[in-house]
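The values are calculated or read from the model by the stated rules, or taken from the named source; none is laboratory data. All values derive from a computational prediction rather than experimental measurement. Glycine gets a Cβ as well: all are built from the backbone with ideal geometry, and neighbour counts include every protein chain shown. Quick note on the areas: whole protein, heavy atoms, side chains included, nothing else; ligands and nucleic acids left out. Shrake-Rupley method; radii C 1.70, N 1.55, O 1.52, S 1.80 Å.
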Amino acid sequence: MESNSNQSSREMLEDMSFCVFDLETTGGNQKKDKIIEIGLVQIDNLKVGATKSFLINPERKIPDFIQKLTSISQEEVEDAPKIDEVIEEVLEFIGDRVLIAHNSSFDIPFLNSVLKRLGRKELENKGLCTNLMTKYLIPTLMNSNLNYMSRIFEISHNKAHRALDDSIATAELFLNYLNIFIAKGIKKINHLYYPKNRYELDLCNFKKASSNLEEIRDKMKSIFAPFVITVKGKNGIILFSYPCTNKENEITYICDRIAELDWQTISMKLSGPILESLIRFNHSYAKMDETDKEKSIDLLKENLIGKESLEELKSQYKEELQKIKQCDFVLMNHLVPEQYTIYPLGALGIRQGLIFRYPGHDKKLIQYINSKTNRKKSGKLKEVNFPKALADITNLYMAKCMREERELIIFKDSFALKNKEFFFVEFEKFTQANPNRYNYPKAFI
């Protein structure tokens, strides 16, 4: 059952009417290029409604690359209506609805340029861009094109660069986003247009004035991937933090501490890989009191590595720990599908890492490794300090992953730089053996 807040959010958005549209054109120049296809989809009551599409005779040759991209041939548009013959029907279908496009900074101005050429009034409808919205909601996403977004949200999109198919896929993506806004309790329509720092899918915030411990506990239990929880007091001072791996004893410990603290705000941020959560945890670890530090380290050791003493574990993983000392980089999955993160082992800090796509960013990855290697050799690589207790846990966790051949690749710089082809063969094996299991962003906080 939805909360009252979510129910009111749903009712607010159900009252809105949208028109999703897409243009296929002969090119990107508003002054000389022409529309060759228009696709339109209405959304009412949070459901896809009526659709329309028009092939348009541009009265000029369609460039060969556009014909190839769209699969719209010159012959197909020869007997199609000209834009002035269908524009009235297009405008009537749009009406006063909020306009939606996956790249509204192109589609809306282009349509307005056509209206201007026809001596008609430009559109005054409000507009939303699902591409821009994607970048606000999923800020670490490196690829926001419609094909990729359709794939990760499991939206059927068989004919890319055909106006109606693109419009329907954009409509489905937009409905996904509207449901996310509802789940996160949107209160103002204006937040649709400016969602930055409010509705990120990897982040959840609580304020003491409007939250209770049971609600916070339930939220932690529902989170599907490792996350870092940070508890702040007055003036944003960090009181407590923990890299949670969704185990019951962790959630109990966290809730007990929250109940004891005079807190003001709590944030939960998805990290994806556990190593990523440990790296993020390091930024707040030093600000916690000594008792919390000791308890956190003990709990992390027990849950991530084993119940044996620290010295026993170091002895058990002696060989792997020695290899880690001799290596330069660690590479792992990112929270986002088809993205990965790499860090220098001597500088495990958020700002030192690189998020990259694979395939696609092969050269970018090698350039990063080369750059960090050169900085290390010249003494310019800024080391990130890990307190010894947390460093021990982090190194032991990497050692365990190394032994079990999961989650991480740990390697010397020369392995990647001197034999790139073999490096990518091994990396490909890693991606196949360690698929991204987070189901993000379809699943979100």
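Remarks
- Exposure ranking of R351, R97, R151, R403 by accessible area [1.4 Å probe, largest first]: R351, R151, R403, R97
- Residue among I237, I305, I138 with the largest mean-square fluctuation in a Gaussian network model of the chain, springs linking Cα atoms under 10 Å: I237
- Taking the centroid of alpha carbons for each part, region 136-152 and region 220-269 are 29 Å apart.
- List K247, K363, ordered by accessible area with a 1.4 Å probe, largest first: K363, K247
- Surface listing: K323, K400 arranged by accessible area from highest to lowest gives K323, K400, probe 1.4 Å.
- Cross-link pairs K234/K376; K135/K364; K318/K377; K159/K219; K247/K364 - those with Cα-Cα distance over 31 Å: K234/K376; K159/K219; K247/K364
- Only protein heavy atoms count here; under a 1.4 Å probe, L13 has an accessible surface of about 0 Å².
- When nucleic acids and ligands are ignored and a 1.4 Å probe is applied, M142 ends up with an accessible area of around 70 Å².
- Rounded to 10°, Cα long-axis angle of helix 420-433 versus longest principal axis of the chain: 90
- Between I350 and T431, residue separation times 0.36 nm minus the direct Cα-Cα distance comes to 26.9 nm.
- Cα centroid of region 64-108 to Cα centroid of region 370-416, whole Å: 52
- For the chain, size of Cβ-based charge dipole, Lys and Arg +1, Asp and Glu -1, in debye: 1860
- Seen against the Cα atoms of the chain and their longest principal axis, helix 104-117 is set at about 20 degrees.
- At R0 = 45 Å, FRET efficiency that the Cβ-Cβ distance of H283 and L91 yields, to 0.05: 0.30
- Cα gyration tensor category, rounded, prolate or oblate, for region 322-394 with a/c compared to 1.5: oblate
- Rounded tilt (10° steps) of 83-94 against the dominant C-alpha axis of the chain: 50
- Residues whose amide H lies under 5 Å from that of F240, counting only those 5 or more places away or on a different chain, are V231; hydrogens are built 1.01 Å from N in the peptide plane.
- A simple spin-label model places pseudo-atoms 7 Å from Cα toward Cβ; at Q322 and E14 they are separated by 6.7 nm.
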